[in-house]
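Enquirer: Dropping a structure here in structure tokens format, bear with me for questions.
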Amino acid sequence: MKNSEELRRELLAIHRKSYPAYKSLKGNYDFGTYQLSIDHVQGDPFASPSKLSVHISRQEAGFPAHLYQKRHTRIALQDYLTRRFRAQTERFCFQAKGSGKSGMIAVSSCGQEILERTACEIRPDGILARFDVGFPANGRTIQALELEKILFDFLPQSVERTFFYRRLPASEVEQVFFLAEDQQAIREELSRQGLVAFIANGAILPRESGVSDRPMKGATPFQSPKSLEVTLHLPHAGEISGMGIRRGITLIAGGGYHGKSTVLQALERGVYNHISGDGREYVITEDSALKLRAEDGRKISGVDISLFINQLPNGRDTRSFSTLDASGSTSQAANIMEGVEAGSRLLLIDEDTSATNFMVRDELMQKVITRDKEPITPFLERARDLYERAGISTILVVGSCGSYFFIADTILQMDNYRPVDITEMARQMAANYPAPQIKAPGFQLPEKKRHFHPGLSTQKRKNYRGTGMVTERLKMKILGKDSFLLGNDTVDLRYVEQLVDREQTAALGCILQHIKETSEGGDREFDVVVQEIMGKIEKNGLAAICDLSYIPFGLAMPRIQEIYACLNRY
């Protein structure tokens, strides 16, 4: 390994040379308290920035071992360090001058959720942080003195103020550890107490705006109804009280704009831990919870939707249903069955984004259009069996149909952002109305294992002369949080509503690309494919699925539910 002074000499030697001379800098350099690695050098100042990383040994970093021994505390500390490193480097971004991306210093931008990222990894031998730097140039002429500022002035300051325990506010780091421990304690209590979700009293659920995930100022703090209030004993925060949502079927009803969907949105994000100050720090949902909806136009491949849809007029087999353009009802049926396959034990559904004919059929409609003429068995008639026979709970936001009262275990009314337990009142009133059909015959979950068809892992294109064809690996391009391109195919994830970060989408793209390139073109069982990829990630981190000569900083861990969703939409 070279030392930092050798790097300085190399920089001076290539000053004002043509941009490709920067390639000679690739390698590892000892800066005393940390090691700098230049992993990939961009082709020109307008291209994607160069990939760098720093490694700080465990002894130099000096973090007490208890802060990162457990997975949940390690991820919380990594998240804290990533946020701090970004804040430090932002002060110097574009302070080095030049063309294009010259002087850029880019670190992962974290949202309100705490995610495992490739931007920062705490390993047995120390801390590894990845980031991008735009190597400075004027046109294509190297400005090595500007890069010297970044590598010998800006970067050492940022590293020193981020990755060395002695330079950090100890109480701040301690609070990150305490919050992670408390959040994990709530998750463990959910299972022990038969709950699927917990919302602490005082939580702030409304968000600042449709484009901001920060807490709304002046919002009404959440307060549990006394009948549903539970008190948990946390290792650091002590006693905390809030609303415990029990397993079974829970309805959230109420007038428009009173907070029904706000509660559901908080619950769907509750599968992730949140940073201090978010307002949802103690909103915790069953890890496998799946928010689902109708998704007109989505692709479905070989899904058994016969639990909900049967006897189609054209005779199509719904036990292995495929389409390139699903309707609202078939897409929602497929989403549920795919969620069951992914191991989800809680379904989160909003009536507003559901297919009406899939959810419920009123008594008059059932008399006019008899059961033998209607291929759809509505969700209303399957929800009880999903819970009682398959152990899958449901939280359902409703506002237009009282039939759901007949299947509910708990009924909440949101009144001006405050929940009221109206279970007994609603049951008494429902007793005065004829009961709808709430159970359909023939409940059986699919037993046959589905197969994933990976397709080709390469594509052909004309060579640069246009005289022949060359074979190359499929290229992947992220199109924001909602989709990515793999080769010529777009994977549309806009309605996978629990994806919260574009880096999760990038990770899904890498996962799909890795599966295609390691599947040797053969069909394999879905479960086997997903479990194999999860095993690789658990053993070696997200780096295990990145088939590049370098590991980018911009990957964040998706849940297994989102991995299934991605493969199902390819």
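Enquirer: Would you check which residues across the range 174-189 are farther than 15 Å from ARG71 by Cβ, surrounded by fewer than 19 Cβ atoms within 10 Å (Cβ to Cβ) and not acidic (Asp, Glu) and list them?
Expert: GLN175, PHE178
Enquirer: Among the residues that make up the range 231-242, is at least one of them under 17 Å from TYR417 (Cα atoms), open to solvent by 40 Å² or more (accessible area, probe 1.4 Å) and either touching a residue at least 12 places away in the same chain (Cβ under 8 Å) or part of a strand (DSSP E or B) (or both)?
Expert: Going through the range 231-242, the residues under 17 Å from TYR417 (Cα atoms) turn out to be 242.
Those left that are additionally open to solvent by 40 Å² or more (accessible area, probe 1.4 Å): none.
No, because not a single residue in the range 231-242 is under 17 Å from TYR417 (Cα atoms), open to solvent by 40 Å² or more (accessible area, probe 1.4 Å) and either touching a residue at least 12 places away in the same chain (Cβ under 8 Å) or part of a strand (DSSP E or B) (or both).
Enquirer: Taking interchain pairs and intrachain pairs at least six residues apart, which have beta carbon atoms under 6 angstrom, with the first residue in the range 77-97 and over 16 Å from GLY111 (Cα atoms) and open to solvent by less than 70 Å² (accessible area, probe 1.4 Å) and the second of a type in the set (A, V, I, L, M, F, W, C) and part of a helix (DSSP H, G or I)?
Expert: As it stands, the answer is PHE92/PHE154; ALA96/ILE150, since those pairs meet every condition given.
Enquirer: Same structure again: If I filter the range 515-536 down to residues being of a type outside the set (Phe, Trp, Tyr) and surrounded by 18 or more Cβ atoms within 10 Å (Cβ to Cβ), which single residue comes out as modelled with the lowest pLDDT?
Expert: Applying the filter and picking the extreme gives LYS516.
Enquirer: Can I ask one more? Only residues that are closer than 30 Å to VAL176 by Cα, part of a loop (DSSP other than H, G, I, E, B) and open to solvent by 10 Å² or more (accessible area, probe 1.4 Å): list them for the range 116-151, please.
Expert: Passing the criteria: GLU116, PRO124, ASP125.
Enquirer: Could you tell me how many of the residues in the range 254-287 are touching a Gly at 6+ places or on another chain (Cβ under 8 Å) and either open to solvent by 10 Å² or more (accessible area, probe 1.4 Å) or more than 30 Å from ARG427 (Cα to Cα) (or both)?
Expert: If we filter the range 254-287 for residues that are touching a Gly at 6+ places or on another chain (Cβ under 8 Å), which is where we start, we get 254-256, 260, 280, 282-285.
Subsequent filtering for residues that are either open to solvent by 10 Å² or more (accessible area, probe 1.4 Å) or more than 30 Å from ARG427 (Cα to Cα) (or both) retains 254-256, 260, 280, 282.
Number of matching residues: 6.
Enquirer: If you don't mind, there's one more thing I want to ask. Can you tell me which residue among GLY480, GLY522 is more than 30 Å from VAL107 (Cβ to Cβ) and part of a loop (DSSP other than H, G, I, E, B)? Can you show your working first?
Expert: Details: GLY480 fails: more than 30 Å from VAL107 (Cβ to Cβ).
Answer to the check: GLY522.
Enquirer: Additional query: Please verify whether ILE204 is assigned to a strand (DSSP E or B) and touching a residue at least 40 places away in the same chain (Cβ under 8 Å), treating the condition exactly as stated.
Expert: Values: assigned to a strand (DSSP E or B): no; touching a residue at least 40 places away in the same chain (Cβ under 8 Å): yes.
Taking the combined requirement at face value, the residue does not satisfy it.
Enquirer: Can you pull out the residues in the range 367-426 that are β-branched (Val, Ile, Thr), part of a helix (DSSP H, G or I) and open to solvent by 60 Å² or more (accessible area, probe 1.4 Å)? Before the answer, list the steps.
Expert: The initial filter retains those residues of the range 367-426 that are β-branched (Val, Ile, Thr), namely 368-370, 376-377, 392, 394-395, 397-398, 407, 410-411, 420, 422-423.
So of that shortlist, the ones also part of a helix (DSSP H, G or I) come out as 368, 423.
VAL368 - this is the single residue of the range 367-426 that is β-branched (Val, Ile, Thr), part of a helix (DSSP H, G or I) and open to solvent by 60 Å² or more (accessible area, probe 1.4 Å).
Enquirer: Taking SER57 as the residue in question, decide whether it is in contact with a Gly (Cβ under 7 Å, 6 or more places away or on another chain) and modelled with pLDDT of 95 or more. Walk me through it before giving the result.
Expert: Working: in contact with a Gly (Cβ under 7 Å, 6 or more places away or on another chain): yes; modelled with pLDDT of 95 or more: yes.
In short, yes.
Enquirer: Acidic (Asp, Glu), at pLDDT 95 or above and assigned to a helix (DSSP H, G or I): which single residue out of GLU295, GLU268 fits that description?
Expert: Values: GLU295 fails: assigned to a helix (DSSP H, G or I).
Only one candidate passes the filter, namely GLU268.
Enquirer: Against the definition (touching a strand residue (DSSP E or B) at 6+ places or on another chain (Cβ under 8 Å), more than 30 Å from THR33 (Cβ to Cβ) and of a type in the set (Val, Ile, Thr)), how does VAL211 come out, yes or no?
Expert: Numbers: touching a strand residue (DSSP E or B) at 6+ places or on another chain (Cβ under 8 Å): no; more than 30 Å from THR33 (Cβ to Cβ): yes; of a type in the set (Val, Ile, Thr): yes.
It is false that VAL211 is touching a strand residue (DSSP E or B) at 6+ places or on another chain (Cβ under 8 Å), more than 30 Å from THR33 (Cβ to Cβ) and of a type in the set (Val, Ile, Thr).
Table: residues versus (1) at pLDDT below 95; (2) β-branched (Val, Ile, Thr).
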{"position": "LYS23", "(1), (2)": "no, no"}
{"position": "ASN28", "(1), (2)": "no, no"}
{"position": "TYR34", "(1), (2)": "no, no"}
{"position": "SER48", "(1), (2)": "yes, no"}
{"position": "SER53", "(1), (2)": "no, no"}
{"position": "THR82", "(1), (2)": "no, yes"}
{"position": "GLU90", "(1), (2)": "no, no"}
{"position": "GLU113", "(1), (2)": "no, no"}
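Enquirer: Of the residues in the range 304-349, how many are assigned to a loop (DSSP other than H, G, I, E, B), open to solvent by 10 Å² or more (accessible area, probe 1.4 Å), under 19 Å from LEU567 (Cβ atoms) and touching a helix residue (DSSP H, G or I) at 6+ places or on another chain (Cβ under 9 Å)?
Expert: 3
Enquirer: Counting only residues that are assigned to a helix (DSSP H, G or I), crowded, with 16+ Cβ neighbours inside 10 Å and of a type in the set (A, V, I, L, M, F, W, C), how many does the range 1-54 have?
Expert: 5
Enquirer: Select, from GLY442, GLY466, the only residue that is assigned to a loop (DSSP other than H, G, I, E, B) and either modelled with pLDDT of 90 or more or open to solvent by 50 Å² or more (accessible area, probe 1.4 Å) (or both). Spell out the reasoning first.
Expert: Working: GLY466 fails: either modelled with pLDDT of 90 or more or open to solvent by 50 Å² or more (accessible area, probe 1.4 Å) (or both).
Unique residue meeting the criteria: GLY442.
Enquirer: Would it be correct to say that ILE252 is in contact with a His (Cβ under 9 Å, 6 or more places away or on another chain), of a type outside the set (Gly, Ala, Ser) and in contact (Cβ under 8 Å) with a residue 12 or more places away in the chain? Don't jump to the end; show me each part of the working.
Expert: Values: in contact with a His (Cβ under 9 Å, 6 or more places away or on another chain): no; of a type outside the set (Gly, Ala, Ser): yes; in contact (Cβ under 8 Å) with a residue 12 or more places away in the chain: yes.
Criteria not met by ILE252.
Enquirer: VAL211 is checked against (1) open to solvent by 10 Å² or more (accessible area, probe 1.4 Å); (2) closer than 24 Å to GLU172 by Cα and fails just one. What number does that condition carry?
Expert: Of (1) open to solvent by 10 Å² or more (accessible area, probe 1.4 Å); (2) closer than 24 Å to GLU172 by Cα, only one is false for VAL211: (2).
Enquirer: Given the conditions (1) modelled with pLDDT under 95; (2) part of a loop (DSSP other than H, G, I, E, B), which single one is not true for THR490?
Expert: (2)
The values are calculated or read from the model by the stated rules, or taken from the named source; none is laboratory data. Small disclaimer: the values here were computed from a predicted structure and weren't measured. Counting neighbours? That spans all protein chains shown, and the Cβs are built from the backbone with ideal geometry, glycine included. Please note that ligands, DNA and RNA were not included when accessible areas were found on the heavy atoms of the full protein model with its side chains. Shrake-Rupley method; radii C 1.70, N 1.55, O 1.52, S 1.80 Å.
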